[in-house]
Amino acid sequence: ESFKALRYKYYADKNNVYFKDHIIENANPTKFKIIGQFYGIQDTVVYFEDSVLPQADYRTLEIKGHLLAVDANSGFYEGNIILGADIKNLKSLNDYYLTDGKNVFYKWHRIKEADPESFVIINEHLPHEAQDKNNYYRKGKIIKTVVKK
C-alpha cells in the first residue's frame, strides 16, 4: 500500500528503498536522496544503484554524467574508481568514453594508446566506436590502426 515510484529506477515503501527489484540495505525511505540516475545518498553514505561506495566523499560528490561522478579524491564510473584520472578535469565524451585532457578512458579503464587531443566519438548512433589520429576503437580496444598516407 505504501509502495511508490521515486525517480529513475528507484522505489520506496514505508520500510525500504529499492533500486530496480533490489532492496538497498540500510537505506531509510525518509532519509535517502536520489542525486543522479544511478547515485543516491543517505547521511554520510553514497550509493551506486544498490551498493555502497565506501570510498566516496558525500560532502564533495558531484554527478558529472549519466554514470560518472567525482569527489575531491576520486572519479567513479558505474561505482568503480577510475584510476589515474585527473579528477578536476575529468569529463564525459559520451556515456562510455571519458577524458581528463591527458588520458582517455573507456568506462573506468584507461586506454593507454589513445591520443586525447585527437580522440573523437565516430558516430552518436555507435557510442562504443571512436578514433584518434592513430587508431580506431570499439569498446575501448583497438580494432584497426589508421593507415597514414
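The values are calculated or read from the model by the stated rules, or taken from the named source; none is laboratory data. Keep in mind it's a predicted model, so treat the numbers as computed, not measured. Using ideal geometry, Cβ is built from the backbone for each residue, glycine included, and neighbour counts are taken over all protein chains shown. When the accessible area is computed, the model is the full protein with side chains, heavy atoms only, and any ligands, DNA or RNA have been set aside. Shrake-Rupley method; radii C 1.70, N 1.55, O 1.52, S 1.80 Å.
Results, tabulated for the structure shown:
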{"read-out": "Whether the range 1-76 is rounded, prolate or oblate, judged on the alpha carbon gyration tensor where a/c under 1.5 counts as rounded", "value": "prolate"}
{"read-out": "Of Ser92, Ser74, Ser118, the one that fluctuates the most in a GNM where the chain has Cα springs shorter than 10 Å", "value": "Ser118"}
{"read-out": "GNM top mover of Gly65, Gly101, Gly36 - the chain, alpha-carbon springs below 10 Å", "value": "Gly101"}
{"read-out": "Under 14 Å, Cβ to Cβ, from Ser92 - net charge with Lys/Arg +1 and Asp/Glu -1", "value": "-2"}
{"read-out": "Alpha-carbon spread of the chain, three principal axes, descending order, Å", "value": "68, 30, 16"}
{"read-out": "Most positive-pole-ward Cα, Gln42, Ile122, Asn28, against dipole of the chain from beta carbon charges", "value": "Ile122"}
{"read-out": "Lys, Arg +1 and Asp, Glu -1 on Cβ, resulting dipole of the chain about Cα centre, debye, nearest 20", "value": "500"}
{"read-out": "Highest-MSF residue in the chain out of Val52, Val70, Val104 [GNM, Cα springs under 10 Å]", "value": "Val52"}
{"read-out": "Accessible area per residue, Å², the chain with all protein chains present, probe 1.4 Å", "value": "61"}
{"read-out": "Trypsin sites (Lys or Arg not before Pro) restricted to DSSP loop in the range 20-65 with at most 14 other C-beta within 10 Å", "value": "Lys20, Lys31, Arg59"}
{"read-out": "Rounded percent of accessible protein surface that carbon and sulfur make up, the chain, 1.4 Å probe", "value": "46"}
{"read-out": "The range 102-149: C-alpha gyration tensor shape, a/c 1.5 cut-off, then a/b vs b/c", "value": "oblate"}
{"read-out": "Sequence-separation-based contact order of the chain, relative, with Cα cut under 8 Å and 6+ spacing, percent", "value": "9"}
